[in-house]
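Notes follow the structure.
Coordinate-derived values only; no laboratory data. These figures come from a predicted structure and were not determined experimentally. So basically every Cβ, Gly included, is an ideal-geometry build from the backbone, and we count neighbours across all protein chains shown.
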Amino acid sequence: MEKAVVLKIESSYSLLNLNTLGIDAEAEFFAQASSVDEVRDCLAFAVANQLLVKVLGGGSNIVMASHVKGLVLNYSNTALQVVNETTADVTVKVGAGYNWHEFVLFCLSRGWFGLENLSYIPGTVGAAPVQNIGAYGVEVKDFISAVHGIRLSDGEPFMMVGESCGFAYRESCFKQELDGKVLITEVEFSLSKKPCVQVGYAPLDKMAKEKGLPTPIELSNWVVQVRKSKLPDPVDMPNAGSFFKNPVVSTEQFQELIKRFPGMPNYPQNSGVKLPAGWLIDNLGMKGQSFGLVQIHALQALVLINNGGSSEDVLAAASMIKNSVQKAYEVQLEQEPRMFF
Ligand code: FAD
Ligand code: NAP
């Protein structure tokens with residue numbers, strides 16, 4: 001007996017529960033595809049109806065318009081396959097729809113190490129390469145050996161090795177030249193079987209000094225604990241994580257700023273000095289400040305809480321914050337979450 005076709009393309013589909021900022025948005029068309037064939041069916045529908053295709057993961061790093069035109073496509077495949085294994089390491093290929101934190105926990109349960117510091121980041125495996133997710137001194141680029149996907153223009157498959165993905169601080173080619181042009185179907189990760197924990201960031205360093213060096217599983221638990229204590233859960237307080245990237249200023253500008261703000265934390269980089277955007281905002285006394293329906297989180301100035309506002313409300317608040325920072329420090333903040341219009 002032939003398998004029934006289950007792909008459903010729905011019109012006027014609510015995206016309210018598919019973006020962590022809780023914007024009451026609606027897609028002109030929406031489909032969830034679980035296989036490459038289903039993605040190709042969706043692309044054929046889009047061509048036939050002259051629709052743009054917009055790829056949505058877990059919706060935790062986007063600002064959505066109230067009406068998203070075209071076909072919003074979510075790829076839900078969670079297949080996981082070991083493609084190479086030695087006594088020292090493993091290469092694992094994972095479907096883009098796999099929940100990121102669940103994947104980190106799965107790796108830890110198998111004794112595959114490296115992703116511990118990236119525990120509890122919301123979203124999907126497929127979105128991880130898009131902004132080269134990072135936390136507590138670790139970036140996912142160091143573990144991605146390849147990215148597989150489909151070109152939205154013609155449904156053809158592609159594969160890119162990690163080194164060609166243009167990875168940088170919260171950046172990749174998927175946000176630049178390939179923006180809106182591909183759907184990532186699988187990501188390959190190379191992970192070590194030898195534990196090597198990184199506890200350089202202050203909260204983890206403090207815990208390591210108190211309790212001793214953690215095992216990778218303990219480190220993952222610490223990261224979850226620290227994140228839960230500082231970051232609002234989008235279910236209770238809709239947000240998209242850090243709303244601004246940390247700016248990197250020239251050494252000359254830093255020298256001027258540190259004279260005026262001697263307590264300003266700073267992290268020297270190859271290209272200049274990284275300043276924590278959260279501190280820049282907090283230092284202006286803006287923590288907890290509301291702009292209509294949008295509020296700067298009381299515990300973490302980099303997070304905007306949306307209390308039922310639209311993308312216009314969120315962007316207006318972001319613009320006021322950027323202007324205040326620009327005026328006070330002559331530093332231009334750059335928005336991190338992607339526009340989903
Ligand atoms: P979405 O928000 O759905 O999409 C983000 C972008 O990726 C969009 O442009 C979308 O089109 C594209 N995209 C998604 N899936 C695919 C795919 N399969 N193929 C092609 N393009 C795709 N980020 C960090 O880096 N570090 C953190 O520590 C961190 N902490 C966070 C904490 C909170 C509370 C929140 C809400 C967010 C945080 N983020 C963090 C941001 C976010 O979780 C990550 O960027 C995550 O990778 C986004 O995944 P997503 O599936 O929700 O992507
Ligand atoms: P934090 O510890 O309060 O530190 C503030 C900022 O200072 C961080 O953004 C971090 O930059 C930088 N920093 C701190 N210690 C550093 C060090 N030893 N070397 C270099 N830079 C250092 O940060 P937090 O808000 O609680 O977040 C903790 C980690 O989770 C950070 O890595 C942050 O990026 C990540 N996070 C990201 C998001 C997101 O949406 N993108 C949301 C929540 C948390 P970096 O950001 O460059 O690491």
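I need the GluC sites (Glu not before Pro) found in the stretch 102-210, filtered to DSSP loop residues with at most 13 other beta carbons within 10 Å of theirs.
Numbers: sites: 102, 116, 139, 163, 171, 177, 186, 188, 210; in loops: 177.
Loop-located and lightly packed - 177.
Please enumerate, by chain and number, the aspartates and glutamates with C-alpha under 19 Å from the C-alpha of residue 211, excluding those fewer than 8 residues away in the same chain.
The qualifying aspartates and glutamates are 116.
Calculate the FRET efficiency for residue 209 and residue 266 from the Cβ-Cβ distance with a Förster distance of 25 Å, rounded to the nearest 0.05.
Computed FRET efficiency for residue 209 and residue 266: 0.65.
With +1 on the Cβ of every Lys and Arg and -1 on the Cβ of every Asp and Glu, and nothing else charged, how large is the dipole of the chain about its Cα centre, in debye rounded to the nearest 20?
840 debye
Measure out, as a whole number of angstrom, how far apart the alpha-carbon centroids of the stretch 31-88 and the stretch 97-148 sit.
The stretch 31-88 and the stretch 97-148 have Cα centres separated by 19 Å.
Collect residues whose amide H, placed 1.01 Å from N in the peptide plane, falls under 5 Å from the amide H of residue 185; neighbours closer than 5 in sequence don't count.
Under 5 Å from the amide H of residue 185: 148, 149, 150.
Step through the residues of the stretch 266-273 one at a time and calculate ³J(HN,Hα) from phi using the Karplus curve (6.51 cos²θ - 1.76 cosθ + 1.60, θ = phi - 60°), rounding each to whole Hz and writing x for Gly and Pro.
7, 10, x, 10, 4, 8, x, 10
With charges only on Cβ, +1 for K and R and -1 for D and E, what is the dipole size of the stretch 80-192 about its Cα centre, in debye, rounded to 20?
Roughly 160 debye for the stretch 80-192.
Taking the Cβ of residue 66 as the centre, find all other residues whose Cβ is under 14 Å away and add up their charges (Lys, Arg: +1; Asp, Glu: -1).
Spelling it out: positives minus negatives among the neighbours equals -4.
Which entries in 54/228; 228/287; 93/141; 230/327; 93/194 show an alpha-carbon gap greater than 22 Å?
54/228; 230/327
For the stretch 120-192, compute Rg over Rh where Rg is the Cα radius of gyration and Rh is the Kirkwood radius from the inverse mean 1/r over Cα pairs.
Using only Cα positions, Rg/Rh for the stretch 120-192 is 0.95.
With the Cα gyration tensor of the chain giving a ≥ b ≥ c as the square roots of its eigenvalues, does the rule (a/c under 1.5 for rounded; else a/b larger than b/c for prolate; else oblate) give rounded, prolate or oblate?
On the way: a/c = 1.85, a/b = 1.22, b/c = 1.52.
It comes out oblate by the Cα gyration axes.
Per residue of the chain, what 222 nm ellipticity follows from adding -39500 (n - 2.57) for every DSSP H run with n ≥ 4, rounded to the nearest 500?
For the chain, the value works out to -7500 deg cm²/dmol.
Can you list the aspartates and glutamates whose alpha carbon is less than 12 Å from that of residue 193, not counting same-chain residues fewer than 8 positions off?
Result set, ordered by chain and number: 85, 89.
Using the Karplus equation 6.51 cos²θ - 1.76 cosθ + 1.60 (θ = phi - 60°), what ³J(HN,Hα) coupling, rounded to whole Hz, does each residue of the stretch 106-113 give in order, writing x for Gly and Pro?
Karplus values, whole Hz, x for Gly and Pro: 4, 4, 4, 5, 8, x, 9, 10.
Residues with beta-carbon under 12 Å from that of residue 125, excluding residue 125: net charge, scoring Lys, Arg +1 and Asp, Glu -1? Before the final figure, lay out the partial values.
Values: positive: 93; negative: 102, 186, 188.
Neighbourhood net charge equals -2.
For the chain, what does the relative contact order come out to in percent, with C-alpha contacts under 8 Å and a separation of six or more?
RCO, the chain: 17 percent.
Could you estimate the translational diffusion coefficient of the stretch 248-340 from the Stokes-Einstein equation, with Rh from the Kirkwood formula over C-alpha pairs, at 37 °C and 0.692 mPa s, in whole µm²/s?
In µm²/s, the coefficient rounds to 234.
So, R0 is 25 Å and r is the distance between the beta-carbons of residue 228 and residue 110; what FRET efficiency does that work out to, to 0.05?
It comes out at approximately 0.55.
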